Structures are given as structure tokens and as C-alpha cells.
Amino acid sequence: MFYEMQFKIGKVAQLTKADFSPNYIYFLDNINNAAIIFDNNRNCLFINNYAENILGDRSDISLIGDWIRSKVKDIEHKSIVFEIQELPLKIPTVDEQDLAEVEILLSKLDVSDEFWQQLKEHKSLNIREPKIKPDYSPKLEETPLECLPATAVNYDLLTGLPSYNLLLEYIEQEIIFSHQRPGYEFVILFIDINRFKIINSSLGRILGDHLLIALANRLKKCLRSHDFIARMGNDEFAILLSNVEHLEYATNVADRIYRELSTPFNLDGYEVFIEASIGIALGNNEYNKPEILLRDAELAVSNAKRQNKSHYQVFNLSMRGEALTLLQLENDLRRAIKREEFILHYQPIISLGNNQIKGFEVLVRWRHPEKGLISPGEFISLAEDTGLIIPIGFWVLKEACHQMYLWQLKFGGLADWKVSVNISSKQLALPNFIVQVQQILQETNLSPHNLKLEITESCLVEDALSTAITLKELKSLGIELSLDDFGTGYSSLSYLHQFPFDTLKIDRSFVNSIDNNVEKLSIVRAIISLALNLGMNTIAEGIETVNQLAQLKALKCQYGQGYFLSKPLDKQILENIIANEITNPTISALEDYHSLWDEHLAREQLLFKIEHLRQELEDLKLENADLEIMLDTTTEHADLVEAQLHNEICDRQKAQAALRLANRELEKLSVLDSLTQVANRRRFDDYLLQEWQKLKQEQAHLALILCDIDYFKLYNDTYGHPIGDYCLQQVALTIECVIESTPGLVARYGGEEFAIILPHCDGVQALKIAQKIAVNVNQLHITHENSVVSEYVTISLGVHSLIPNFESSPELLITLADKALYEAKAKGRNQACLYSEID
């Protein structure tokens, strides 16, 4: 079914039913009346040249479509005549004739297939409006899948949000419109919930589903009612913002989402904190396919996660290059596994009690045929993401066990040495992980007592029960277990005792400033004490200075590793050190380290040209290590006493800093309205006085717009306070969106009233802004059945602008804007009025 609307110049009688000849479309395109054809879903299918000149703005067309939708139920076989003033928007002029001489004729059209085919082929058919935005409240989960209507597959059964397929349709429409209207832009926000898999595994899928539903509801609160949000996958959402004039609006939405999600979720008594990474991609006429735009938004999400500097990233073309680089690196990594291009380096683990080597940690390096030696920091995260960490991890484990057994055969006396191998969470989650470890030990002939597996804290919370069972079985085999990077992950001290760890490894982030940071010193002391109480030993990672070493010895940390003690070495250098350790145990093996490392460094430089000469200078520092350790040992107890004396002072300083931070947060909250997140009345008064004094000096205009939601008390009584609060939030967001590029302040003036202060803005400019606010609020389509002026929520606005002087005051500006507001209400509401002294 189609509907035709024509603007007729002059007072005319009702039109008879149109005769659709084969050339009717082309006839309509050349008449001197505005003609628009809509379908039953208020999509604009045709707009002739005359109408395009009058209603070229897309939002106006959409508004007329909604208006037609509300009128068509009264159309039967004849046209209906409306006055131009009944339109939901103002048209300044039609051929420079008085608006009173324009009538609108709305007709219901029963057309032939021939007409429809002609309409589809016409060039103007592409000017069409988005489909009706979905209602996010269908109870699809209550209906069996086989009984769902065909349209239900376009919605997510859990959250009721649109699905990926429907999102693609909407993006495609935006792309089409951007090609038709130069300068038109829109934005995609891709949202990825961090650590959702861990939360889902810890609390169970039922609470995980409840979290997703609550999350979807919070995301909707951050948007205008006509913005589009879809669920992309398990923990991914996408938001489409149409007609975005400034990218800053999209980043403000991202900030709003981040703030909304920072408040914890309460799920059946569990308090859950989540964070999201957001990718922002700007859509315009450079795009032709929705999938490409979504890909760019996903690239921005990945970049935000890698950078870890901000909760959102805006896409730029360099991200595509980075993605291609990662893809090439992944391909190279797959070939490297087949060709066994990896080598192992070994970092000695030293007993801090006697300076003797007690084992080593195995570190993998990639000997790339073109790029040379690649450190694990450049490819391990990629291997984790792609699952390639599993074959790499087992190759490392087997190679390390084999090498350890060969050294035991060659040297003897290494019965108590441990070879430490890092295990990824993906390896640990394999159902046959224990079988594979046993098979490797059997094939390499290494005793389980000489193997230590290092597990990160993140492994403990992904599936705590299964992980505990696996670790206990490994422990029963005689394999030792080490908790790596302790204190940096997500584990809880309350259930640490449930896992059979032998060792806690103190992360380098605590060790690297232990000699000058009292807080980190206290943390390290607490970790060592905790390990002692749980029957574990401790290994400090990242020891780089003499002072760090002395502090750790004084704290009774048993073992240490780091560049100060020894860099990671290749097997030849480590063999020489082992030989020296075995044959002359009274002399520290580290004394021969310098010449051996220099040989290793020179060889690596010749082979790969990636090591730098400055490493040789760093190695020279080790020559005086023993002397400095002895000197520092005599003062280490004094350092600890001094540190303890400063604890109280530092605690007081921390408390003062926390108090200052709390005061700043309190001050920020004191100027914001808690419901709408715009400025409150206190901030309004301060800002108005501040701008008044400044503009009085500059002799510049200061405008004030007072807004009042029409019949809001009746709306609140009808729908209830929660719905009323939602309405206030949506109106506040709409006002902010209108003035986002205009300097000024939006404030909640009280109840359902808002106030807008606009510096350097005269009355005419302010009136245009107020009129745009009125139109946009009505376009929210928030149903108000008991309103006298419209079926949707509307707003009345009063405007006044003046140049501050000694004869006027801020109170006068408020009074006159308030008079204009009452004038708008007296004229029938849903409009803006500028104060005039004539009135």
C-alpha cells in the first residue's frame, strides 16, 4: 500500500483519485506542486524535484513520514485535506506565497505492478528512510524457536536487541544515504566486554546471562531513543549513531558508556565489576559495504586493548596496516612451528642465601629467517590469541626437559636443579594436558622432580575447580608448581591455599622500585610472609640493582632472577657456567659470566644484527657485584629500620592524597544532576554569574533558553516514576546533542525544567537552537497518550538574549526567558518563543 502527499498552492477542493498512467512518475517529477510517496512503513520511496527543494533535510522527511503514519487510519477511498499549519514542522516559504494559501492532500494509492516497477527504476527511489526502529522489549525467550515469526530471527533471544543481520541492513541504509548527501556522516561503536569469559566461568552461565541483560539495559540508557544498538555475539555489542555532525559526540557517548559500566552490577548478591573496550569508526561515503565499516570498528577495539591507554580508540587507516602486519606475523609463526625456528634461552635462578644456581627458567626465542632473533614479547600474545601457543608451549616443554636431562648426564650433581617452564591457560585447559606432560617426561627420561611448571594467576579464575584438580594431579606426579607474576592478576588470597603451589614468584613490578618505594616494600614483605605461612618459597623476578638484591636478602626471599644476576643465556654459555659451578662451587659462577656473555653477544650480532652494543656496557656493571653486595648487606638492616620509621608518615601522606581525591570527586558530583548527568542548579547559578561578568566586560550577547516538558506531571502519574526518569534522561541527552558544538551549559533547572546558557549568542541564534530542540524531542517518539498537543512527549521553550550591563542583571535574564516560556505554553505548547518587549 502507498500514500501520496501533495502540497497544493491556493485553496483547492478535494482531489479525485489519481490516474496512474505509465508515465505518472515522470509526470510527478515535473509538476509545480510538492509530491511525496510513502509506503505503509513510512519509508519515503519517492520525492519529486519541487518537494526536494522544500524538504531536502532528511529529518524533516522522517518527521512527515511519522505524521502520515498517524493519519492513514482515517483514509479510505478519498483524499483528506489538511492545512499547512498542521504539519509537525515549519516550512518558511513555498514559491514565496503565504503559508495560509497552501493545503496538503493525503491520498491512499492502490497501484499496479507496472507502477511499482516504474517506481523501483526511478532514480529518486534511493531517497528512502530507515526502517522502523525496533522495540527493545519483545519477550522472545518465552516463545519456542520453531514458533517464532520470521522477523524474530533478526533479534537476540536473550536481550531482545537486534542481531548482526539487522544491524547490517541499517548500516547499509546509512551508507546509501551518505552517497546521496555529501558531508553526511554516521558512527559505529563496537563494544567488547573485557574478561566476560572469566566472569561467566566463575559465576555460571545463568548469572552470566543476567549480566548481559543488565548490560544491554545500561547501554540503552546511554543512547537517544532513536539510536540503534545490536548484540553482535556473546559479549560484543554495536551501536549505530545516525547523522553525527561532530566525532566528539561519539567519543562523549563512549565516555558515557564507560562511566555507566563503572558502577558494579549486583547479580544475586554477587557484586560484579566490568570494563569495556570500545572501537569507534566514522562512516561516510568512502564506505560501500557494512562489513568493512564493522571490521574497522573491530580493529579499533583490538587497538584499544593492545594499547591499554584508553577505554576507546577511534579508527584510523594505520590500524589496517597493523592488522596486515599481524596477519603476516601469524602466517610466519605458523611456518615457524613447522620448521622449528624456535630456540631456548635459559635465565639462571639464584639462591640468595649462597649465590649458587638452583635452576633456570626457560624462555623461548624465535629465530626468524629474515628478521633475526624475535623476543617473546613480540609474538607470544599473538600466539595466545590464535591458539598457536599450544604447539609452541609443548615444543618448549619437551625441548627444555630433553636439555635438562642431557646436562644431568654430562655433568652429574644436578639432581636438585629445577627447569621452570611457563604453561599457558590454553594448555592447562586441555583435557589431555596431564597425559601429554607424562608422555614428554617419559620420552625425555627427565625425573618429574626436576620439572617446575609456572602458572599465571589468570589460569586460576577461568575454571577454578578444573584447574585445582589438574594442578593436584601434577603435584602427585612429583612436579613442582609455581604461581607466576603473583599480585598482578585476579586471584583472591582467600582461596590461594586451595591450589598446591610450591613457589610464589614476586612480579617485577613490585621488585623494580623496592629500594625507594615504601609501599612496594611492604607488599613484597607481605608476599614473602604469606608464602612462608603457606609453606611455599619465593622467587623475586626482575632484580636489576644491588639495592634491590640487598633488600630482598634482608626480607629473607629465598631465590631471585633478573638482569643484575644474569641475563637469559643460550645453552652453550649456560653449559660453561654449569661446568664452573660443578668444578669450583666455592666461586660464584657469575664471575665468569662477563666474558661468556660477550662471546654470546658478538655471535648474535653477527648472525642477526639486532643486539646493541650498549648491552656490553650494562654487563660491565656486574664486575663489582660481589663487593657491592657485601657492602650493602652491612646496611640493609638499617635501611629496613628507616623504612619502618617512615611507614607512619607515608601512610599519613597516602590518607591525605586519598582525601584530596575524594574531595575532588565530591566536588565533581556536587555540580552534576545525579539522574540526567547534566549540570545541576548550583552549577547553573555559578556559570551564569561567571559568564555575566565576563560578557559585561566584552559587551557581548548572553542568551538563556528555559525548557519545560509539556504535561510531565500527567506523564509521571500515568507511567510511573521510573519511566518518568527515563524520559528526563532522554530529553537531557537530546538537548546535549543539539548544542554539542555550541559553547555553553545545559542544566537541570528543577523537576522537568532544563536551562541552557549560551554565551556570544543573540536572540535569533538562540531561537533556532530552541526550535531544533523542540523538533528533536518530538522525534524521540516517547509515547504520551494523555498529552493534549501530541501523541508523543513534547517540550516548550522560552528564549531571551541581552548584552549584560549595569542596568540589567542575571535575574532579569531569567525572568524574561521565563515570560517567553509562558508565552510558548499559552500559544499551545510544543514550540519555542523569543521574548519581545512589544508583548
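Assorted remarks:
- For a paramagnetic label modelled on residue 714 (point 7 Å from Cα along Cα→Cβ), amide N atoms under 12 Å away belong, within the stretch 765-784, to 784.
- Dipole of the stretch 339-389 [Lys/Arg +1, Asp/Glu -1 at C-beta], most positive-end residue of 355, 377, 387: 355
- Once backbone amide H atoms are built at 1.01 Å from N, residue 359 has 349, 418 as its partners under 5 Å, excluding neighbours fewer than 5 places away on the same chain.
- Net charge contributed by nearby residues that have their C-beta within less than 15 Å of residue 696 (K/R +1, D/E -1): -3
- By accessible area with a 1.4 Å probe, ligands and nucleic acids excluded, highest first: order of 401, 737: 737, 401
- Once the chain from residue 307 to residue 837 is taken as fully extended at 0.36 nm per residue, the excess over their C-alpha distance is 185.0 nm.
- Put a dot 7 Å past the Cα of residue 682, heading toward its Cβ, do the same for residue 218, and the two dots end up 2.6 nm apart.
- Sequence of 258, 312 from largest to smallest accessible area, 1.4 Å probe: 258, 312
- Exceeding the 21 Å Cα-Cα cut-off - candidates 426/452; 475/553; 520/556; 338/505: 475/553; 338/505
- Difference of contour (0.36 nm per residue) and Cα-Cα distance, residue 197 to residue 284: 27.9 nm
- Length added when fully stretched, residue 354-residue 791, from 0.36 nm per residue minus Cα-Cα: 148.9 nm
- Simple label model, 7 Å out from Cα along Cβ direction - residue 781 to residue 415, nm: 8.2
- Taking a quarter of the surface of the Cα convex hull of the stretch 794-839 gives a mean projected area of 3.2 nm².
- Given R0 = 41 Å, the distance between the Cβ atoms of residue 672 and residue 340 translates into a calculated FRET efficiency of 0.10.
- Solvent-accessible surface ranking, highest first, for 407, 395 at 1.4 angstrom: 395, 407
- Modelled FRET efficiency - R0 35 Å, residue 252 with residue 295, Cβ distances, 0.05 increments: 0.90
- Accessible surface of residue 386 - all protein chains present, 1.4 Å probe, nearest 10 Å²: 40
- Label separation (residue 808 vs residue 473): 8.1 nm, computed from points 7 Å beyond Cα along the C-beta direction.
- Computing FRET efficiency as 1/(1 + (r/R0)^6) for residue 466 and residue 381, where r is the C-beta to C-beta distance and R0 is 30 Å, gives about 0.80.
The values are calculated or read from the model by the stated rules, or taken from the named source; none is laboratory data. Computed from a prediction, not measured in an experiment: that's the story for all the values here. Cβ sites come from the backbone with ideal geometry, for glycine too, and all protein chains shown count toward neighbours. When the accessible area is computed, the model is the full protein with side chains, heavy atoms only, and any ligands, DNA or RNA have been set aside. Shrake-Rupley method; radii C 1.70, N 1.55, O 1.52, S 1.80 Å.
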